[in-house]
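Take a look at the structure below.
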Amino acid sequence: MNGAGKNSPLDLIRQKERELAQRLREAEKRADQKLGRARERAAEIQRSAESEGERVAEEFFRREMIGVEKAAAQIQAEGRMAAEGIRRLGSERMSCAVELIIDSLFPG
């Protein structure tokens, strides 16, 4: 400082540098805080997306299993019906088969 109580141009420049450095530190701090919040939000979105994906996959699996169970029940029902038809046909043809066997063993 000079004797008149005024700051020299060099002192004013240094003061301005300090002010700008302080403003820069504050801006960096705010940017770091915003970046931290953005990272937290991104992690939250990722967790939410993963959770939603799991929910959708479980719902899809459940719906597909219902369809598979219905198809399996239909196949079982068709198998039972086919087996019953074969059993009935076997019973109906039993006497004919016995006659054919007897005729082939004791011709005439």
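The values are calculated or read from the model by the stated rules, or taken from the named source; none is laboratory data. From a predicted model like this one, the values you see are computed outputs, not experimental measurements. For neighbour counting, all protein chains shown are included, and Cβ atoms are generated from backbone atoms with ideal geometry for every residue, glycine included.
Does Phe60 satisfy the condition of being within 48 Å of the chain's Cα centre (by Cα) and of a type in the set (Phe, Trp, Tyr)? Yes. All of (1) on the phi > 0 side of the Ramachandran plot; (2) in a helix (DSSP H, G or I) hold for Gly108 with one exception: (2).
Answer with yes or no whether Leu12 is surrounded by 10 or more Cβ atoms within 10 Å (Cβ to Cβ), modelled with pLDDT under 95 and of a type in the set (A, V, I, L, M). When the stated conditions are applied, Leu12 passes them.
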